[in-house]
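A short write-up of the structure that comes next.
Throughout, read-outs are computed from the coordinates displayed, never taken from laboratory work. The structure presented is a predicted model; accordingly, all values stated were derived computationally and were not measured. Cβ placement follows ideal geometry from the backbone for every residue including glycine, while neighbour counts extend to all protein chains displayed.
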Amino acid sequence: MSLAPPHRRELRVTANEALGAYRVLRVAAPDRAPGESAPEPGQFAMIAAVERWGGGGDERPYLPRAFSIARCREGEWHFLLEDVGPGTKRLCELHEGSALWALGPLGRPFALPAPGGRAVLVGGGVGIAPLAILQDTLAGPAPVLLGFRDAAHAQGAALLQDALVATDDGSVGHDGRVTELLARELDSAEAQAGRQQPVVYACGPPAMLEAVRALCAQTGTPAQLALEAGMACGYGACYGCAVPRVDGRYLRVCVDGPVVDASELAEVVEPGAYGEVPA
Amino acid sequence: MSVSLAGLDLANPIINGSGTFDAIAAHASFGDALCEVFPFAAYVSKTITLQPRAGNPPPRLFETAAGLINSIGLPNKGLRGYLEHDLPQLERICATARPAGARTAGVPLITNVMGATAMELEQLVAACDQQDAIAAVELNVSCPNVSTGLDIGADPEQLREVVAAVRPATRKPLIVKLTPNTADVPACAIAAQDGGADAVSLINTLRAAALAPARAARSGERWLGGGTGGLSGPAIRTVALAQVAAVAERVAIPVIGIGGVQRASHARDLLDAGASVVAVGTESFRDPATGSRIAAELMCVAETQM
Ligand SMILES: Cc1cc2nc3c(=O)[nH]c(=O)nc-3n(C[C@H](O)[C@H](O)[C@H](O)COP(=O)(O)OP(=O)(O)OC[C@H]3O[C@@H](n4cnc5c(N)ncnc54)[C@H](O)[C@@H]3O)c2cc1C
Ligand SMILES: Cc1cc2nc3c(=O)[nH]c(=O)nc-3n(C[C@H](O)[C@H](O)[C@H](O)COP(=O)(O)O)c2cc1C
Ligand code: FES
């Protein structure tokens, strides 16, 4: 796992381009600190604009925001952004030369498949981001299944190569859920008897991750899920990013994740929809 | 700029607020580089209780204009888990941690404890007293009394009794972390002093609530899993300054000033208001190196003034 230096670093934006309903923000990668290696697939950074961070909607943002490192190539880090509130809105406005603060790379990355092992990548919405760097890193080709709301969001699929797309409104690709594509893929994988079982790598909204988790549990397919949670710090300091584990205790998404083995969770739930967890 | 706090020697006047920096997790995230320039001149643990606590259900965070409401719920492994599992790791980290301005490694470890009764607190403090790795104990008295429901630290008379009951359990420095959620904070500070405290720290978070934003699924309902939470960050800085000044005026023991500190000038304000030491909390979330940056800046100014 790549270790970040214990301080935020100022990075320069090199480009900010539209990709359908999303933006791809590229920044000059920081000089590597002693012992620091390249970001690994699934790792993230806590990001804030150096200027005018605050004073947006509800007089926010104040804290930095978590973003998957979507790609690390040619001296740049790429982020895929969706404007959903004051923090992402401000970051979407940045342009070449703008400065941002970044703490990272942080968190537990995807565990790559064993040599010769097969992978299936499943993404939903802006959750496709960590799958791009995962695809760049994998040794061989792996099926990529991506789900989006509509055609504008489905343009995000261009971040990866050879993706099969599903849309909720049926405007592009398969009319329905990405998990339907996954079920088909696992069926055909099963049909090819004798072949090794794939590992499913998934990131996306909670409802999608839950559907992936349930399907993989049903079919006995190992799965790694990249989770999201509201975060204040990203490095285990605040205990704010808690998600209940199968044993009733909480994990911290920032340091115990964001990538967790599906077997660690009883269920993936919308933030705020958790019931009481026994002490 | 070394300072002495109730018998502890600190290389600089900047420490952390309890519960805002997990040295074990930070060491796992950043490696030994964390200790090469350690952000704080003393390390304060998060609050430890007698029994393990899982913490509150999520969501635990709500961002406000220049502030943060948390309802974390003091998750911790309980006294036994802390002593067996965390303390050996913290001891190693504190022994190798070199704060800004220090020639050698080593920062004192302050353990923060909370109990619902004087008896519980006494047990916690007595257990800390046995540990060489622990340099001082901080009492978090923002805990509801089981019989009255009032925070132990909110009523001066009750607070004096609790501190006096706990005091004989240790010869180590005893710090009382006051609650700001009460009518007369200086009266509580005097009560802590009368009970035998060696120092007081303030402010803890201000009680606050938030409703789910219009966009969220539970729009209009309570947002935080714990119902209410505590407000911290720049939003409380001026409240902290007022309370620290009022307390420092009235007590003879040292005061640890906490609340909304983001840069050296904010720390300077609390020191000028009478604090001996300043703790950084929420700002460490934005940058884990905040503490050492502020300490270095303070020392730089001190040098040019000499
Ligand atoms: C590990 C990880 C990786 C991520 N990767 C990406 C990525 O690659 N690309 C991307 O676009 N996003 C990513 N995200 C999500 C991103 O961090 C959030 O979209 C961002 O924090 C939203 O901030 P905002 O200010 O724009 O929106 P906010 O207004 O903060 O809203 C975001 C959500 O938070 C809740 N919320 C609303 N108001 C508040 C409040 N006052 N306090 C607390 N919560 C509130 C609501 O549920 C809301 O829908 C990732 C998150 C994590 C944890
Ligand atoms: C997420 C979070 C967790 C906290 N946990 C504790 C705790 O366990 N014990 C305690 O005494 N204070 C706790 N505090 C209070 C801080 O130590 C500090 O008093 C307060 O946040 C004000 O300082 P700040 O504005 O610099 O954050 C916590 C604060 C935050 C934000
Ligand atoms: S975001 Fe602070 S502990 Fe995970």
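A few comments on the model shown:
- Matching residues, the range A:196-249, being within 16 Å of ligand 3 (Cβ to nearest atom) and among the hydroxyl-bearing types (Ser, Thr, Tyr): A:TYR235, A:TYR239
- Enumeration of residues in the range B:168-182 that are in contact with a Leu (Cβ under 7 Å, 6 or more places away or on another chain) and either among the acidic types (Asp, Glu) or surrounded by fewer than 19 Cβ atoms within 10 Å (Cβ to Cβ) (or both): B:ASN181
- Residue count for the range A:88-105 satisfying the condition of being touching an Asp or Glu at 6+ places or on another chain (Cβ under 8 Å) and at positive phi: 0.
- Test: residue in the range B:211-224 that is without any contact (Cβ under 8 Å) to a residue 12 or more places away in the chain and among the polar types (S, T, N, Q): yes
- Within the range B:56-75, considering residues that are over 17 Å from B:ARG207 (Cα atoms) and out of contact with any Lys or Arg (no Cβ under 6 Å at 6 or more places or on another chain), the one farthest from ligand 1 (Cβ to nearest atom): B:PRO57
- Residue pairs whose Cβ atoms lie under 7 Å apart, sitting 6 or more positions apart in sequence or on different chains, and linking a residue in the range B:269-284 that is more than 16 Å from B:TYR43 (Cβ to Cβ) to a partner that is of a type outside the set (A, V, I, L, M) and in a strand (DSSP E or B), are B:LEU270/B:GLY257; B:ALA273/B:GLY257; B:ALA275/B:GLY257; B:THR282/B:SER232.
- Among the residues of the range A:27-70, those that are more than 9 Å from ligand 1 (Cβ to nearest atom) and surrounded by fewer than 15 Cβ atoms within 10 Å (Cβ to Cβ) comprise A:ALA28, A:ASP31, A:ARG32, A:PRO34, A:GLY35, A:SER37, A:VAL50, A:GLU51, A:ARG52, A:GLY55.
- Count of the range B:247-291 residues which are in a strand (DSSP E or B) and either within 16 Å of ligand 1 (Cβ to nearest atom) or over 11 Å from B:ASN16 (Cα atoms) (or both): 1
- B:ASP22 being acidic (Asp, Glu) and within 21 Å of B:LEU74 (Cα to Cα): yes
- Members of the range A:214-261 found to be more than 10 Å from every other protein chain (Cβ to nearest Cβ), surrounded by fewer than 23 Cβ atoms within 10 Å (Cβ to Cβ) and part of a helix (DSSP H, G or I), listed by number: A:ALA214, A:LEU215, A:ALA217, A:GLN218, A:THR219
- One residue from B:ARG171, B:ARG218, B:ARG167 being within 14 Å of chain A (Cβ to nearest Cβ) and either away from ligand 2 (no atom under 11 Å from the Cβ) or not in a loop (DSSP other than H, G, I, E, B) (or both): B:ARG218
- Boolean, B:ALA25 is within 16 Å of ligand 1 (Cβ to nearest atom), within 22 Å of A:TYR235 (Cα to Cα), surrounded by fewer than 23 Cβ atoms within 10 Å (Cβ to Cβ) and free of Cβ contacts under 8 Å to residues at least 60 places away in the same chain: yes
- Test for A:ASP83: is it within 14 Å of another protein chain (Cβ to nearest Cβ), of a type in the set (Asp, Glu), in contact with a Leu (Cβ under 9 Å, 6 or more places away or on another chain) and away from ligand 2 (no atom under 16 Å from the Cβ): yes
- With respect to (1) free of Cβ contacts under 8 Å to residues at least 60 places away in the same chain; (2) over 30 Å from A:GLN196 (Cβ atoms), the lone exception for A:LEU80 is condition (1).
- Residue match in the range A:204-212 (condition: assigned to a loop (DSSP other than H, G, I, E, B) and either at the interface with chain B (Cβ under 7 Å from one of its Cβ atoms) or over 19 Å from A:PRO109 (Cα atoms) (or both)): no
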